[in-house]
Amino acid sequence: MAADKLRPAWSQSFEPEMLRIVSASGPIGHITRDWAWGGSTGQGVRVGVIDSGIEADHPALGESACGGITVEYDPDAPNQARIEPEENLVDMYGHGTACAGIIHSLAPGAELYSIRVFGRDMKSRAVQFAGGIRWAMENNIQVVNMSLSTNRDEYYALFHQLADQAYFKNIVLVAAVNNYPGASYPSLYSSVISVAAHEGKDPFIYYYNPSPPVEFGAPGIDVRVAWVNKGTIVSTGNSFASPHIAGIVTLIRAKHPELTPFQIKTVLYACASNTRSD
């Protein structure tokens, strides 16, 4: 793999010892799931999926796909990333549709936007990924799912800057951790919600990790996901855990639009399956 290439997150799982009970005490101990997202469908929230694209007419997405762009590497373009509107949304592989389908299953009222940075070979450059985050910030995207990462230290500062900018623009970034042990960006940053996979099929059973940097665990092992050509597959990976949390974040954001990313992360912690007493 070339030095500046990205890869989707596939396989590193949420460790069993991370599932121990953690007490959510004090004022946040009174936060309930009903308060957090009860009755919410994600209506009106704009969700970006930075990935391989979205198959807009896939039955798992309903009418939720509302638009998108392609980010191409261009050494002569600003920041080496050329943004092209995509009138007819396509998925070059299936990975992005899988993530979008999970988000839609949790938040059917949300508007999904395809931010395509991968090609058919599932390769991309860090500058394309960065360009996708910039586009999300410039186009009123409120939640961004990033089931991809880079482990190249030369991009640490770039993605740290972009993640912090998004955080202060009130955008919630949700990222899958890398598929191999070791540092991966942007999932390591505190301004991002980082997610790894655990077993189970209930999309609302998720766990807070008391031993970061991975913060939350969500279903992502042997899950059935949407794929290209209106199909489905059973697959495993942190890639599919991240959109579970992104979907729940979307529900919270729709019901409580006044909450900041910091507050939304606190609500996630208070409502995790290993912090609640109910």
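Suppose R0 equals 30 Å; then what is the FRET efficiency for GLN161 and ASN88 from their Cβ-Cβ distance, rounded to the nearest 0.05?
0.35
Could you provide, to the nearest whole Å², the per residue accessible area of the stretch 43-153 with probe 1.4 Å?
It amounts to 37 Å² per residue over the stretch 43-153.
Set Lys and Arg Cβ to +1 and Asp and Glu Cβ to -1, take the dipole of the stretch 119-278 about its Cα centre, and tell me which of TYR269, SER184, PHE240 lies farthest positive.
My answer, from the dipole projection, is PHE240.
First compute the accessible area of the chain with a 1.4 Å probe, then give the percent of it belonging to carbon and sulfur atoms.
On the chain, the fraction of accessible area on carbon and sulfur atoms equals 50 percent.
Roughly what % antiparallel, to the nearest 5, for the DSSP beta bridges in the stretch 180-278?
65 percent
Which angle between 0 and 90 degrees, to the nearest 10, do you get for helix 261-271 versus the longest principal axis of the chain when only C-alpha atoms count?
Between the helix axis and the principal axis of the chain, the angle is about 50 degrees.
In debye, nearest 20, what is the charge dipole magnitude of the stretch 102-213 about its Cα centre with +1 on Lys and Arg Cβ and -1 on Asp and Glu Cβ, if you could check?
In debye, rounded to 20, the stretch 102-213 gives about 260.
Find which of LEU251, ALA175, SER114 sits farthest along the positive direction of the dipole of the stretch 99-256, computed with +1 on the beta-carbon of Lys and Arg, -1 on that of Asp and Glu, about the Cα centre.
The Cα lying farthest towards the positive end belongs to SER114.
Restricting to DSSP H runs of at least four residues, report the calculated mean residue ellipticity at 222 nm for the chain, -39500 (n - 2.57) per run over all residues, nearest 500 deg cm²/dmol.
-8000 deg cm²/dmol
Using packing as a proxy for protection, rank 90-99, 76-85 so that the peptide with the highest average count of other Cβ atoms within 10 Å comes first.
Ranked by mean Cβ neighbours within 10 Å, highest first: 90-99, 76-85.
To the nearest 20 Debye, how big is the dipole of the chain about its Cα centre, given +1 on the beta carbon of each Lys and Arg and -1 on that of each Asp and Glu?
380 debye
Hey, what did the stretch 83-229 get for relative contact order, percent, Cα under 8 Å, at least 6 apart?
Relative contact order, the stretch 83-229: 21 percent.
With springs connecting C-alpha atoms under 10 Å apart, model the chain as a Gaussian network and identify which of ASP51, ASP222, ASP121 has the largest mean-square fluctuation.
Residue with maximal mean-square fluctuation among ASP51, ASP222, ASP121: ASP121.
Can you give me the C-alpha center-to-center distance between the stretch 207-278 and the stretch 78-115, rounded to a whole angstrom?
18 Å
Given that just one value was derived from the coordinates, which of [x] 1.07; [y] 0.99; [z] 0.91 is Cα Rg over 2.2 N^0.38 Å?
It is the value labelled [z].
Looking at the square roots a ≥ b ≥ c of the eigenvalues of the Cα gyration tensor of the stretch 122-183, which shape do they give, rounded for a/c under 1.5, prolate if a/b is larger than b/c, or oblate?
Cα axes put the stretch 122-183 in the prolate bin.
Mind listing which GluC sites (Glu not before Pro) in the stretch 76-185 are in a DSSP loop and have 11 or fewer other Cβ atoms within 10 Å?
Sites meeting the loop and neighbour criteria: GLU87.
The values are calculated or read from the model by the stated rules, or taken from the named source; none is laboratory data. Because the structure is a prediction, the values reported are computed rather than measured. Every residue, glycine among them, receives a Cβ derived from its backbone with ideal geometry; neighbour counts consider all protein chains shown. Just so you know, the surface numbers come from the protein's heavy atoms only, side chains and all, with ligands and any DNA or RNA stripped out. Shrake-Rupley method; radii C 1.70, N 1.55, O 1.52, S 1.80 Å.
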